[in-house]
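Enquirer: This is the structure, below, for whatever I ask next.
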Amino acid sequence: MQNPPADLPDSIEDLKAIIARQADAFTVLQHSLADELAASRQELAAAKSGLQLKALEIEKLKLTIARLRKVAFGKSSEKIHREIAQLELSLEELESEASGDDDPVALDHPDASASITGETSLPEKRKRRALPDHLPREEVRHEPQGDCPHCGGTLKQVGEDITEILDYVPGHFRVIRHVRPSLSCRSCESMVQRPMPSLPVERGMPSAHLLAHALVSKYADHLPLYRQSGIYARDGMELSRSLLANWVGKCASLMR
Ligand SMILES: [Zn+2]
């Protein structure tokens, strides 16, 4: 702020005009500072996630090198074995951390939801990978109860939405199919549908059981995610370490 000029006018109207001009200038300044601050914050966040991705790449490369050395120098080097296990673990940590923030790793995130609704009301959903057909399915139906909540008219079904969730009961996987019929009122044409129950990983496919199992295995039983990934594969479901790490990161940010 400048010092008040010595030659201030005596008229109150003129003084008011000066104050109003200064207030305007101040508001403009405030806005531009706020914009700058927001822009810098965005840049900082982008730089941070860029760094995280770089760190991730470096660890992945280190792991590749260690694996290659194992191939080159024979399978039985205990030291290389330990090195590889250690690298898998630090990768796991990095990937979990990366996914706690606004998901840079969510690209290969298989989402399982299919809609067979008659209408095309779907917003541009990302391409979702379906869950394997060979897994047993259990259906949970969410039927709207009663008549039209708006006019009391009779409802008729016009479609349904299905969301498939991957569930794990130690030893085997199964798929929970959430089926939500959509009904339309014969009188006023309102649409009625029960909402989807909330999921621990929004838009993701793991059930709370599966997440709990992975977390307990990792933190209580010290079973790293890359080992779990192998166990799950034997139980009939390919879940990459980075996908598991992504889920663990999401859970961690849920609990924060
Ligand atoms: Zn109605």
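Each value in this text was obtained by applying a stated rule to the coordinates, not by laboratory testing. Everything numeric here is computed off the predicted structure, so don't read it as measured data. Cβ sites come from the backbone with ideal geometry, for glycine too, and all protein chains shown count toward neighbours.
Enquirer: Would you mind ranking V192, V71 by Cβ crowding within 10 Å, fewest neighbours first?
Expert: On the way: V192 19, V71 10.
By the 10 Å Cβ count, ascending: V71, V192.
Enquirer: Full-extension gain between A208 and K16, please, as 0.36 nm times their residue separation minus the C-alpha to C-alpha distance.
Expert: 62.8 nm
Enquirer: What is the order of K60, K250, K218, fewest Cβ neighbours within 10 Å to most?
Expert: Arranged by neighbour count, lowest to highest, K60, K250, K218 become K60, K218, K250.
Enquirer: Apply the Karplus parameterisation 6.51 cos²θ - 1.76 cosθ + 1.60, with θ equal to phi minus 60°, to every residue of the range 24-39 and state each ³J(HN,Hα) to the nearest whole Hz, in sequence, with x for glycine and proline.
Expert: Along the range 24-39, the couplings run 4, 4, 5, 4, 4, 4, 4, 4, 5, 5, 4, 4, 4, 4, 4, 4 Hz.
Enquirer: Fewest to most neighbouring Cβ within 10 Å: what's the order for C151, C185?
Expert: C151, C185
Enquirer: What FRET efficiency do you get for R82 and I58 if R0 is 25 Å and r is their Cβ-Cβ distance, rounded to the nearest 0.05? Walk me through the numbers before you get to the answer.
Expert: Values: r = 19 Å, r/R0 = 0.77.
Here the calculated transfer efficiency is 0.85.
Enquirer: Then there's this: Along the range 223-238, what does the Karplus equation 6.51 cos²θ - 1.76 cosθ + 1.60 (θ = phi - 60°) give for ³J(HN,Hα), rounded to whole Hz, x for Gly and Pro?
Expert: 3J(HN,Hα) across the range 223-238, in whole Hz: 9, x, 4, 5, 6, 4, 4, x, 5, 4, 4, 5, 7, x, 9, 7.
Enquirer: Please list, in chain and number order, the residues 5+ apart from Q157 or on another chain whose amide H is under 5 Å from its amide H, with Hs placed from the backbone.
Expert: Hits under the 5 Å cutoff: S184.
Enquirer: While we're looking at this one, here's another question. Please work out how much length the chain gains when fully extended from A39 to S240, using 0.36 nm per residue of separation minus the C-alpha to C-alpha distance, in nm with one decimal.
Expert: Between A39 and S240, full extension yields 68.8 nm more.
Enquirer: Also: Let's test the formula: R0 of 45 Å, r as the Cβ-Cβ distance of R141 and K70. What FRET efficiency results, to the nearest 0.05? Could the numbers behind the result be given before it?
Expert: Working: r = 51 Å, r/R0 = 1.13.
After rounding, the FRET efficiency stands at 0.30.
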